[in-house]
1. Would you mind telling me which residue in A:47, A:12, A:243 has the biggest mean-square fluctuation in a Gaussian network model of chain A, where springs connect alpha carbons within a distance under 10 angstrom?
2. If you add up the charges near residue A:182, with Lys and Arg at +1 and Asp and Glu at -1, over every other residue whose beta carbon is less than 13 angstrom from its beta carbon, what do you get?
3. Under a 10 Å cutoff between Cα atoms, tell me which one of A:81, A:251, A:165 has the largest fluctuation in the Gaussian network model of chain A.
4. Please give the net charge around residue B:303, taking every other residue with its beta carbon less than 10 angstrom from that of residue B:303, where Lys and Arg add +1 and Asp and Glu add -1.
5. Starting from the 7 Å offset along Cα-to-Cβ, what nm value, one decimal, do you get for the label separation of residue A:86 and residue B:264?
6. Given a Förster radius of 56 Å and the C-beta distance between residue B:72 and residue A:71 as r, what FRET efficiency does 1/(1 + (r/R0)^6) yield to the nearest 0.05?
7. Just to be sure I understand the curve: with the Debye formula and one point per C-alpha of the protein assembly as shown, what is log10 I(q)/I(0) at q = 0.06 Å⁻¹?
8. Expressed as a whole number of Å, what is the distance separating the alpha-carbon centroids of region A:76-94 and region B:89-108?
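The values are calculated or read from the model by the stated rules, or taken from the named source; none is laboratory data. If you're wondering where the values come from, they're calculated on a predicted model, not measured in any experiment. In this analysis, Cβ positions are derived from the backbone assuming ideal geometry, glycine residues included, and neighbour counts consider all displayed protein chains. Accessible surface areas use protein heavy atoms only, side chains included; no ligands, DNA or RNA. Shrake-Rupley method; radii C 1.70, N 1.55, O 1.52, S 1.80 Å.
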Amino acid sequence: MSAAAPISRDQGRILFWLAVVLSVLMLAPMAWVLLLSFTENEALSRGTEAAFGGHFTLKNYSDIAGNSGVFRWFLNSLIVAVGQTSGVLIMSSLAGYAFARLEWPGRKVIFVIVLFGLAVPEQAVIIPRHQIFTTLNLHNTYIGLMLPGMSLPFGVFLMTQFFRAIPSEIDEAALLDNASRFRIFWKVLLPLTLPAQATLGIFTFLMAWNDYWWPLISGTDKEMYTLTIGIASSQVNFAQTEGLGFLAAQAVFAAIPVLIVYIIFQRHVVTAVSGGAVK
Amino acid sequence: MSAEIDIRNLTKRYGGLTVLDDISLSIAAGEFVVFLGPSGCGKSTLLRMIAGLEDVDAGEIHLGGDRIDGLAPGKRGVAMVFQSYALYPHMSVRQNMAFGLENVGISKDEIERRCMDAAKVLEIDHLLDRKPQMLSGGQRQRVAIGRAIVKEPKAFLFDEPLSNLDAALRGRTRLELAQLHQRLGATMVFVTHDQIEAMTLADRIVIMHDKKIEQIGAPMEVYQRPATRFVAEFVGSPAMSILPAASVSAGTKGASIEVDGVGTIDSAIPLPEGFNADGASVGIRAEDTRPSDTGLPLTVQVVERLGDRTLLYGRLPNGSDLVAQDLGRTTVQAGDEVRIAVDPSAVHLFDGTGRAFHAPEEA
Ligand SMILES: Nc1ncnc2c1ncn2[C@@H]1O[C@H](COP(=O)(O)OP(=O)(O)OP(=O)(O)O)[C@@H](O)[C@H]1O
Ligand SMILES: [Mg+2]
């Protein structure tokens, strides 16, 4: 890709307009939701074209405060996403270090087994997992919501590759500097993996925040709903109660943390997606 | 503070592959010793065994009278400078130098004092707060040396520390290393495959080849009186020319060596008792030759003008290559036939096993 021929002016223009069209297509639904969230529910129930017709209100947002479990769900989502992200970072770093730097019997075989995990879809394991969690009484607990996402083969793979890319002479220099194994891990190697941690952290956070299927199965108490489940549940009965504008306001509200995370770590997200290392 | 290193019957294997076989070597306190040898001969492995980065399969290593081969690298009292420098990328220059001192519980004031001292000596005191990425190759190299100096080790270990520098900087740093050695009086072990580094820096050179030490000696000793044919060919540039010897007989001053199709080369080497000429050869350095009216008939193929002298690369009638030397302003051209005389006192004779024989040293 990097060796591709330079783009001519005409090609550049075509690409530009293509990007414009695609951006509009991508952004239109979000703009639509934003618009709905600022429109009166009664007007919308007569027809969604009301969104363009001057029925502006902030009521949908003020309603969030008192009117539903959305704060509770928000908190649940935050706990699960932060917990799951921390878990993934800690375990992936430790496992990555062990696979990349320590000599122990079975290392190669176990690494391959971990990689198999990349190929197993969640659908294939969801029923046994449900059974196990039932037996262990883990449904409707935070641990139950976080645990499956914490075993992330991709995270282990990513961190292993990252640790491997650090020259072993750095470890050796630290050994000669009389640093213990843990000190080398903590003070020398881990700081060098920060770009990978950022990438992995963002992805895990977004994945946990947006996850729908497992919370739907495991968190069945209304108290344990995450935002995605909570909002979906109010969608089912929106005709009788909250209304479309209110639903949209909740969706916007739900997107805020993701947006903040994205804005703060934008640079890392871009490099993560383009597969390069952060300089 | 500097200490002697004593290596006894050291062996190293990787799986079934032996890379060092029964190596013994004594390095005096304050000595500058260079390990020289072709790529893959085990120089780095030997150095890393002293550092504790490779396990010892058999044998012992002593430093300053204490056996160290069982100790962790950080407990041995040695400091190492890596070819890649191996600086900690996320730490400033100061932190890079301080890290090893913090780990052994040296006080903050003392750390600061040592860092400043080393930084001044190495002229990097204005860089102390920079990260390695913001340094040039030469500056990084100094930081790596600084990181070793502050530890005040019993011995310094260098693994090709100059090979990532450009030629000019390499020359300068070489000189500075020599000065540093004089000033610190520390034991230094230096690995290189660059002969010039070896010749200029070393008190003694250890020439390694094929799992073994071929020769240990002062630079000029190794150069003028190589112990084996391998050393003779490896040391010196241009490389020594080697011709097959058909027979060797006692001449007037020393051994007279017959080269088939070329002629007789007279030497001042006393013919060894019962010398076996099977597979024997004769070695000649370019600087010990000159054009003359008689001597070996050489067809010149390439003329290399070095200014002060000229090297003539050519072929003898038997097909052997020979490099001869002429004056800087020679008129010889490629394609010319010349005759080359050889200084008998500088001829080297090798038997079939590669063992070398030389003329007696002049008093
Ligand atoms: N980890 C290892 N596993 C197997 N063989 C190894 C290992 N490390 C080194 N060797 C082998 O040991 C021999 C000596 O290697 P070493 O690195 O000491 O050579 P060297 O003299 O330093 O060469 P160079 O000048 O290229 O640095 C080589 O043949 C190398 O292939
Ligand atoms: Mg080496």
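1. Top of the fluctuation ranking is A:12.
2. +3
3. Highest fluctuation of the listed residues: A:165.
4. Net charge in that neighbourhood comes out at -2.
5. With each label placed 7 Å out from Cα toward Cβ, I get 9.3 nm.
6. 0.55
7. The calculated log intensity ratios at q = 0.06 Å⁻¹ are -0.58.
8. Measuring centre to centre over Cα atoms gives 32 Å.
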